[in-house]
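*Asks:* Here it is: the structure, laid out below.
The values are calculated or read from the model by the stated rules, or taken from the named source; none is laboratory data. Keep in mind that what you see is a predicted model, and the values were worked out from it rather than measured. Heads up, the Cβs are rebuilt from the backbone with ideal geometry, glycines too, and the neighbour counts pull from every protein chain shown. Accessible surface areas use protein heavy atoms only, side chains included; no ligands, DNA or RNA. Shrake-Rupley method; radii C 1.70, N 1.55, O 1.52, S 1.80 Å.
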Amino acid sequence: SSSTPLTVKQKGTVDYSSTATTFALFFVFFIALSFLIKRSASIANKTLGFGKTKARINSLDDSEVRFEDVAGISEATEEVKEVVDFLTSPERLIKLGAKTPKGILLIGPPGTGKTLLAKAIAGEAGVPFFSISASEFVELFVGVGASRVRDLFKKAKQKSPCIIFIDEIDAVGRQRGAGIGGGNDEREQTLNQLLTEMDGFVDNSGVILLAATNRADVLDSALLRPGRFDRRILIGLPDRKGRAEILSVHARSRPLDESVCLNDWALRTPGFSGADLENLINESAILTARENKLSVTNSEIEKALERITIGLQSSQLQDISKKRLVAYHEIGHALVAMSTPLADKVDKVTILPRSNGIGGFTRFSPNEEVVDSGLASKAYLYTKLVVSLGGRAAEIIVYGNEEVTQGASGDIETVGKIARDMVTTFGFSKLGPQSLDSSNSEIFLGKDFLRQKNEYSEEMTKSIDHEVRKLATSAMSEAIKKLEKNRELMDCMVSELLDKETLNSEDLQAIMENYNK
Ligand code: ADP
Ligand code: MG
Ligand code: ZN
């Protein structure tokens, strides 16, 4: 009898706990379920409620940007000034029989100021600016993009005169019928709608369509036909003078120290776009603020440039033997350059590693003449090959053929590129002045897929490879020769570099003079 209450009690407890567990499970399940339902509902809302999403058309009633904010691309700026006349005093031009340009296509690499220029036109003319990125036209559902285009043009016509700006137009304007597996219906419909709207423009309706792209080569030919985007404005990367102007535009709002010469910085930033230059100035201002200084000096710009081009400085290498190898590699570059009159001047050598995995680097100050003219001679390019292989050459001399490291992979890539260009593009080899380049035009999947390769015979491919190899190996042996001749000097420089971790051009020069005494 004593066992009965016990079992009852036992049974009872078991029951309670299992109910609690069940409840808990239900509860968790319920929460998870309601979360899922909520989420899928919001997804459905997003996709199904497309009719309501109109907010993506950005309209800007008074753009603050003026032509004076757009620097370094004066040719393009001159060309679009005419558009401002059309927007501000159309009567005068119409009386003269001039027709409004319908579509203007701005073509250029990213960050060169296409969007900025479009805004400046609107700002100068004082007209509303409607902008949309073409990638926003491309949606999940067929027909949405087309209706957005309609919507955009309707809105714009109500506000005429005004500017419609379609950014990254290649997202919808790609050649139709291209691509493996047929076209994208949605994209085609959107493009068709765009073409229809452009044709529907009555002349002189006061709406000017601007578009920007960095891939004009993939645009559908219907878009480029006369009467559509009939005016094309090329915007290239700024030259040295342009870079100086862009830098000074962005330096206007920042306190620059008197010692800063923006011309020098323009020289040291070949290949930078307007956006890159703005970033450089901005980074230097941030560094200045962090150091509690009042004005931006050369040292902050220097640090910012290094950070942008090479990466942040990271913690030191601990392993002394690795450090020594990096030092030999970098001094290899520097010494080869210093003993070759045609080479760029060495600016700085360091074995302080960077956060992106670079163990050390040698920096050169670019050759002013070559940067300015854009004309590099065969001898200059060959010297570049020799200097680029200086790092690997030093490793071979000091550590032997078997101990070389992958640290030179970046150098070898550079060498491959320059050597191939020398043979196939510049006609600097015994294959003669032929253009053998096919890598320039990117393969456009589908259309050019099969056509692209083999523009020249198999034999020619072999001879190109042969010539490229010849250039690289002869540059390599020249680098080795130069370093072997200066082995002691190299050791001197390495021990100094290991000691100080960074050597600038004067330090290197001093070591060399000391040694020659
Ligand atoms: P894109 O549209 O060609 O990719 P953006 O016009 O968006 O480039 O440029 C991005 C930023 O870079 C601009 O907001 C501006 O601050 C700066 N920038 C680019 N080009 C120039 C230029 N030519 N002059 C002054 N600033 C420029
Ligand atoms: Mg842009
Ligand atoms: Zn190297």
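*Asks:* Taking amide H positions as placed 1.01 Å from N in the peptide plane, with prolines and chain starts having none, which residues 5 or more places from Leu210, or on another chain, fall under 5 Å of its amide H?
*Replies:* Ile104, Ile164, Phe165, Ile166
*Asks:* With a point put 7 Å past each Cα toward its Cβ, work out how far Cys492 is from Gln318 in nm, to one decimal.
*Replies:* For the pair Cys492/Gln318, the computed spacing is 3.5 nm.
*Asks:* Solvent-accessible area per residue for segment 325-378 at a 1.4 Å probe radius, Å²? Please report the intermediate quantities before stating the final value.
*Replies:* On the way: 2220 Å² over 54 residues.
About 41 Å² of surface per residue is accessible.
*Asks:* In percent, how large is the relative contact order of segment 329-445, given Cα pairs closer than 8 Å and 6 or more residues apart?
*Replies:* 23
*Asks:* If Lys and Arg each add +1 and Asp and Glu each add -1, what is the summed charge of the other residues whose beta carbon sits under 11 Å from the beta carbon of Val349?
*Replies:* Residues near Val349 contribute -2 overall.
*Asks:* Taking θ as phi - 60°, what are the ³J(HN,Hα) couplings along segment 406-416 by the Karplus curve (6.51, -1.76, 1.60), each to the nearest whole Hz, with x for Gly and Pro?
*Replies:* Once θ is set to phi - 60°, the couplings for segment 406-416 become 7, x, 8, 4, x, 4, 5, 4, 4, 4, x Hz.
*Asks:* Taking Lys517 as the anchor, which aspartates and glutamates have their alpha carbon closer than 18 Å to its alpha carbon, excluding any fewer than eight residues away along the same chain?
*Replies:* Output for Lys517: Glu488, Asp491, Glu496, Glu506, Asp507.
*Asks:* 7 Å from Cα along Cα→Cβ at both Asn192 and Lys481: what's the point-to-point distance in nm?
*Replies:* Here the modelled spin labels are 6.8 nm apart.
*Asks:* Next question, about the same structure. I'd like the carbon and sulfur percentage of the solvent accessible area for segment 193-329, probe radius 1.4 Å, heavy atoms only, ligands and nucleic acids excluded. Don't skip to the end; give the middle numbers.
*Replies:* Details: 3360 of 6570 Å².
Exposed carbon and sulfur together represent 51 percent of the surface.
*Asks:* Here is a follow-up. Please report the spacing between the Cα centers of segment 397-412 and segment 60-92 in Å, no decimals.
*Replies:* First find each Cα centre; the distance between them is then 54 Å.
*Asks:* Based on the mean of other Cβ atoms within 10 Å per residue, sort peptides 469-478, 233-242 so the most packed one is first.
*Replies:* Those peptides, ordered most packed to least, come out 233-242, 469-478.
*Asks:* Quick check on my link table: of Lys114/Lys378; Lys417/Lys500; Lys323/Lys348; Lys114/Lys345; Lys345/Lys485, which ones sit more than 27 Å apart, alpha carbon to alpha carbon?
*Replies:* Where the Cα-Cα span goes over 27 Å, the pairs concerned are Lys114/Lys378; Lys417/Lys500; Lys114/Lys345.
*Asks:* Which aspartates and glutamates does Lys470 reach when only Cα atoms under 18 Å apart count, and residues fewer than 8 places away in its own chain are ignored?
*Replies:* Straight-distance partners of Lys470: Asp411, Glu413, Asp421, Glu459, Glu478.
*Asks:* Using a 10 Å cut-off on Cβ atoms, rank the peptides 286-293, 193-200, 321-328 from the highest mean neighbour count down. Don't skip to the end; give the middle numbers.
*Replies:* Numbers: 286-293: 13.4, 193-200: 17.5, 321-328: 20.2.
Ranking the peptides 286-293, 193-200, 321-328 by packing returns 321-328, 193-200, 286-293.
*Asks:* To continue, here is another question. What are the residues whose amide H is under 5 Å from the amide H of Asp347, where those residues sit 5 or more places off or on another chain and H is modelled from the backbone?
*Replies:* The list, which skips near neighbours in sequence, is Arg363, Phe364, Ser365.
*Asks:* Can you send over the carbon and sulfur percentage of the accessible area for segment 64-159, probe radius 1.4 Å, protein chains only?
*Replies:* 52
*Asks:* Let me ask another. Roll a 1.4 Å probe over the protein chains and send me the accessible area per residue for segment 225-271 in Å².
*Replies:* 54
*Asks:* Multiply the residue gap between Arg215 and Arg232 by 0.36 nm, knock off their C-alpha separation, and tell me the result in nm, one decimal place.
*Replies:* Working: separation 17, 0.36 × 17 = 6.12 nm, distance 1.26 nm.
In short, 4.9 nm is gained.
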